[in-house]
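What follows is a short report on a single structure.
The values are calculated or read from the model by the stated rules, or taken from the named source; none is laboratory data. Owing to the predicted nature of the structure, the values given are computational and were not obtained by experimental measurement. Positions of Cβ are backbone-derived with ideal geometry, glycine not excepted, and every protein chain shown enters the neighbour counts. Accessible surface areas use protein heavy atoms only, side chains included; no ligands, DNA or RNA. Shrake-Rupley method; radii C 1.70, N 1.55, O 1.52, S 1.80 Å.
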Amino acid sequence: MKSLLNVYRTGRGPSSSHSIGPERAAADFLRRYPQADKFRIVLYGSLALTGKGHLTDAAICSVLGEGRTQIVFDKKTRQNHPNTMDFYALEGDKECGFLRYISVGGGNLAVDGEEEKEQEVYPFANFAEWRAYCDGKGIPLCRAVYEFEGEDMRGELRAVWHTMRQAIGRGLNGEGVLPGDLQVMRKAKKLFAPVEREQPEEREKRLIASYAFASAEENACGGTVVTAPTCGACGVLPAVLYYLSEREGFSEEQIIDALAVAGMVGNVIKTNASVSGAEAGCQAEIGSATAMAAAAVSALFGASSEEIEYAAEIALEHQLGLTCDPVHGYVQIPCIERNAVAALRALDSAAIAKILCGTRKISFDLIVETMYKTGKDINERYRETSEGGLAASYRVC
């Protein structure tokens with residue numbers, strides 16, 4: 001497995017695979033062909049079908065220059081991966097360079113025909129190996145992160161946490177309408193406001209939802225967020241950690257350790273399946289985020305590795321088959337509400353795991369494998385193409 005920095009990427013929304021990934025591809029291509037005076041970019045699959053709503057063209061042009069960049073949305077040609085991009089560099093009318101990039105999810109890229117340059121950091125192939133290593137040494141799961149990444153990873157995770165908190169803070173104060181044709185009102189501030197005659201459990205749910213809305217709305221308006229593991233699911237883990245840090249008074253160091261555990265859960269999923277909605281549906285985004293958050297909750301409360309695994313397994317198992325159907329390609333409907341519901345589900349998953357620990361039959365690794373197979377079986381209309389589901393049923397007035 002690779003570094004946790006591939007799970008937690010800081011960047012501008014609204015989509016890790018549709019805006020952060022293409023922006024990184026453009027920057028890489030420009031470094032390789034600085035002599036080019038024009039560029040032609042062809043987007044395929046999900047990038048072509050929902051690229052406008054995800055600001056894919058704007059992300060690319062912000063690097064290459066709008067005046068000299070032609071973006072082609074090829075909605076008919078199907079490639080092996082739904083997030084495929086062809087980059088052409090031109091000097092005058094003569095082609096001087098070509099590369100095919102694949103945005104594989106979470107802002108990460110692959111270059112067709114090139115071996116991956118990034119080195120493996122962890123010797124683990126799955127959750128079972130990670131857990132066996134830590135249990136064998138009698139150390140908490142987070143300790144392996146610092147052993148293999150180095151103690152500097154604490155500083156990296158601290159920066160991640162600060163960015164998450166800042167996004168929530170901005171989102172709670174945000175007002176008005178989100179960008180795009182849907183005219184979706186920002187709701188985090190309203191959710192955060194006190195409600196008369198509110199029961200304690202109602203207040204808890206309202207606050208958690210407000211934090212998730214805050215981060216997700218910041219993402220939807222192109223603000224700076226952290227992928228966890230994607231932009232579209234960036235509200236789940238921060239909302240849970242923010243709420244527990246406020247309510248339970250967990251220290252920053254404890255939050256950082258929880259982020260390490262959550263990151264490794266996301267790492268297992270990225271290694272053995274996918275976190276891309278275009279490749280495996282929203283189960284790969286929100287489902288993965290819910291598993292990460294459930295594991296983080298269990299870790300914060302000092303749970304065993306068995307209990308942490310069970311919490312993550314419950315969280316992901318009950319998101320299997322979740323489709324990705326963003327209306328008009330915007331990361332707004334149903335994405336923002338989905339972050340809030342998932343944050344609540346993560347807490348429930350951790351609570352169930354605490355009570356039933358030792359009774360489970362299904363491993364987290366098996367659920368990850370099942371999620372990926374399920375994602376491949378989901379019709380592509382329901383995998384971030386906006387051709388099916390709610391995206392096809394809803395009509396803008």
Angle in degrees between helix 305-317 and the longest Cα principal axis of the chain, rounded to the nearest 10: 50 degrees
For segment 162-270, accessible area per residue (1.4 Å probe, heavy atoms of protein chains only), Å²: 39 Å²
Overall dimensions of segment 20-76 as given by Cα atoms, namely Rg and Dmax in Å: 10.8, 32
Segment 115-274, dipole about Cα centre (Lys/Arg Cβ +1, Asp/Glu Cβ -1), debye to the nearest 20: 620 debye
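Counting other C-beta atoms within 10 Å, and keeping those with at most 11, which DSSP coil trypsin sites (Lys or Arg not before Pro) do you find in segment 175-235?
On the way: sites: ARG186, LYS187, LYS189, LYS190, ARG197, ARG203, LYS205, ARG206; in loops: ARG186, LYS187, ARG197.
Listed in order of number, the matching sites are ARG197.
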Listed pairs LYS75/LYS376; LYS2/LYS205; LYS190/LYS354 exceeding 25 Å between Cα atoms: LYS2/LYS205; LYS190/LYS354
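Computing the accessible area with a 1.4 Å probe over protein heavy atoms, can you report the carbon and sulfur percentage for the chain?
On the way: 8040 of 16240 Å².
Heavy-atom surface of the chain belonging to carbon and sulfur, 1.4 Å probe: 50 percent.
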Other-chain or far-sequence residues with amide H under 5 Å of GLY97's (modelled H): ALA89
Cross-link reach list, aspartates and glutamates versus LYS76, counting only Cα pairs under 19 Å and skipping chain neighbours closer than eight places: ASP57, ASP86, GLU279, ASP325, GLU380, GLU384, GLU387
Cut-off under 5 Å, modelled amide H: who pairs with GLN70 long-range: PHE39, ARG40, ILE41
Segment 174-217: chymotrypsin sites (Phe, Trp or Tyr not before Pro) in DSSP loop, at most 10 other beta carbons within 10 Å: none
Rounded, prolate or oblate (a/c below 1.5 giving rounded, otherwise prolate when a/b exceeds b/c) for segment 162-203 by Cα gyration tensor: oblate
Antiparallel bridges, percent of DSSP beta bridges restricted to the chain (to nearest 5): 75 percent
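In percent, how large is the relative contact order of segment 30-140, given Cα pairs closer than 8 Å and 6 or more residues apart? Spell out each step's value before the answer.
On the way: 147 pairs, mean separation 28.7, N = 111.
Computed over segment 30-140, the figure is 26 percent.
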Whichever lysines have a C-alpha closer than 16 Å to that of LYS38, once near sequence neighbours (fewer than 8 apart) are set aside: LYS94
Quarter of the Cα convex hull surface for the chain, i.e. its orientation-mean projected area (nm²): 19.9 nm²
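Take every Cα pair under 8 Å in the chain that's 6+ residues apart, average their separations, divide by the length, and report that relative contact order as a whole percent. Numbers along the way, then the final one.
On the way: 836 pairs, mean separation 75.1, N = 397.
Over the chain, the number comes to 19 percent.
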Euclidean distance between Cα centres, segment 355-375 to segment 33-61, Å: 37 Å
Given charges at Cβ of Lys, Arg, Asp, Glu: segment 312-397 dipole, positive-most of TYR330, ILE367, ALA391: ILE367
Between segment 67-84 and segment 275-323, the Cα center-to-center distance that results, in Å: 32 Å
Between 0 and 90°, nearest 10: helix 152-173 axis offset from the chain longest Cα axis: 80 degrees
Vicinal HN-Hα couplings computed from phi for segment 218-225 (Karplus, 6.51 cos²θ - 1.76 cosθ + 1.60; Hz; Gly/Pro x): 4, 4, 4, 9, x, x, 7, 9
Rounded tilt (10° steps) of 286-300 against the dominant C-alpha axis of the chain: 40 degrees
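Might you tell me the accessible area per residue for segment 279-397, computed with a 1.4 Å probe and given in Å²? Intermediate results must be reported in sequence, preceding the final value.
Working: 4620 Å² over 119 residues.
Normalised by residue count, the accessible surface of segment 279-397 is 39 Å².
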Segment 290-389: C-alpha gyration tensor shape, a/c 1.5 cut-off, then a/b vs b/c: oblate
Relative contact order of segment 274-360, pairs being alpha-carbon contacts under 8 Å that are 6 or more residues apart, as %: 38 percent
Neighbour cut-off at most 14 other Cβ (10 Å), DSSP loop, GluC sites (Glu not before Pro), segment 170-242: GLU175, GLU196, GLU198
